[in-house]
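A short reminder: the numbers here are calculations on the coordinates, not readings from a lab. Model, not experiment: these values are computed from the prediction. With ideal geometry, Cβ positions are generated from the backbone for all residues, glycine too; neighbour counts draw on all protein chains shown.
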Amino acid sequence: MKVTIKNWNAIAQWRWDIGKEFDETDDEDLCGICRVAYEGCCPRCKMPGDDCPVLWGECGHVYHMHCIMQWIEQQPPNKQNCPMDRKPWITAERKTANTATQQTQAVQS
Amino acid sequence: MDARLRRVNKEIADCKNDKSSKIQLDLVDESPFHLKGSFPGPEGTPYEGGRFEVDIRIPDSYPFQPLKMKFITKVYHPNVSSASGAICLDILKDQWSPVLTLKSTLISLQSLLCSPEPDDPQDAEVAKHYMTSRSSFEETARYWTHIYAGGPDPKAKDGGSGGGSRDEVAMAGLEKAHVDQFEALGFERGKVIDVLRRLNYRGANVTKITEDRVVEELLKP
């Protein structure tokens, strides 16, 4: 039997790296501030994606960038803390979860 | 739909689905931003057996501003105003965080009932009572739980049904003998209760406050 491919469509799915494996049943995959999924967007945006990214703190907590920024901006300078652990908020430069790194390595090898 | 409404609706639904916490949320009027929450008094405290209702208002900029909560049910507690139900709790003020929810805030109120902070009181008279005589304070708190929150009758050890007539002396956490003593001097009972409560005429304080001092207060118009 000979199969000739006439046409094909590639479909890709993306998710924000939130530091753990995706779990559909886990309702903790929500931004703690707006309670919308990380994969969605913050309540002020219409489309998920690069316009409404997630932001990592050095402490490991993740929020929609717009949500955490609104909180930080309204706080006095000495109280710009992570809402989860109350440590001073420091945006992590670029943080990649171990799981994602391992997956990339697996593909490469 | 605005962000606040979406989050509040979600929180109300979550609370309905969770039967284990025994925390209830109800609408007060048409607005989803004015709610009534309630929770059982914590076990092993004078509030055990009562159900406590809280008035909740959700500010425009929620969750970036704290929820406004006050007790509807009268509570005898150093951090709750015995007159207005206003609550002194850091997370309702400067320690608010946008990850707190209706449910987690109500749970915090429940645990405030377990651990009073008399050094940061909302009701100075109640706090003084708490510091002077813990057992007398707890007796009064239990009595308030019975009268206002539907808790068991502290006098009926078998946990008789609620209701019963209010005993103004027990409500104020005073000794009947003390009130009778000054009433016998010809002062009006209500005034005696008021003055003795204000002077914190309880426990070891009774020996420190002279009769003359009480009479002097009673004679003030």
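A few notes on this one:
- Using a cut-off of 22 Å between Cα atoms, the listed pairs B:22/B:155; B:128/B:208; B:103/B:155; B:36/B:128; B:19/B:68 include B:22/B:155; B:103/B:155; B:36/B:128; B:19/B:68 as exceeding that distance.
- The range B:30-75 - charge dipole about Cα centre, Lys and Arg +1 at Cβ, Asp and Glu -1, debye rounded to 20: 120 debye
- By the helix-only formula, in which each DSSP H run with n ≥ 4 contributes -39500 (n - 2.57) and the sum is divided by residues, chain B has a 222 nm mean residue ellipticity of -11500 deg cm²/dmol.
- Remark on the range B:3-114: ratio of C-alpha radius of gyration to 2.2 N^0.38 Å is 1.01.
- Translational diffusion of the range A:47-95 was estimated from the Stokes-Einstein equation, with Rh taken as the Kirkwood radius over Cα pairs; at 25 °C and 0.890 mPa s the coefficient is 221 µm²/s.
- The label point for residue B:177 and the one for residue A:11, both projected 7 Å from the Cα toward the Cβ, are 8.4 nm apart.
- Chain B: DSSP helices with Cα axial extent of at least 18 Å and average Kyte-Doolittle hydropathy no lower than 1.0: B:102-114
- For residue B:48 and residue A:78, the FRET efficiency from 1/(1 + (r/R0)^6), where r spans their Cβ atoms and R0 equals 41 Å, is about 0.55.
- Using the Karplus relation 6.51 cos²θ - 1.76 cosθ + 1.60 with θ = phi - 60°, the per-residue 3J(HN,Hα) values for the range A:31-38 come to 5, x, 8, 9, 6, 9, 3, 4 Hz, with x marking Gly and Pro.
- Between residue B:2 and residue B:207, the contour length at 0.36 nm per residue exceeds the Cα-Cα span by 67.7 nm.
- Modelled spin labels at residue B:94 and residue B:72, positioned 7 Å past Cα toward Cβ, are 3.2 nm from each other.
- Angstrom value of the Kirkwood radius, inverse mean 1/r, which spans all Cα pairs in the protein assembly as shown: 23.9 Å
- Note on residue B:184 and residue B:117: with the Förster distance fixed at 35 Å, the Cβ-Cβ geometry gives a FRET efficiency of about 0.35.
- Here the range B:59-98 is scanned for amide nitrogen atoms under 11 Å from the site 7 Å beyond the Cα of residue A:44 along Cα-to-Cβ, giving none.
- Label-to-label distance for residue B:135 and residue A:86 is 3.6 nm, based on points extended 7 Å past Cα in the beta-carbon direction.
- Once backbone amide H atoms are built at 1.01 Å from N, residue A:54 has A:65 as its partners under 5 Å, excluding neighbours fewer than 5 places away on the same chain.
- Radius of gyration, Dmax [chain B; alpha carbons; angstrom]: 20.0, 67
- Taking amide H positions as modeled 1.01 Å from N, with prolines and chain starts lacking one, no residue 5 or more places away or on another chain lies under 5 Å from residue B:173.
- With distances taken between every two different alpha-carbon atoms, the range B:124-219 has a Kirkwood hydrodynamic radius of 14.1 Å.
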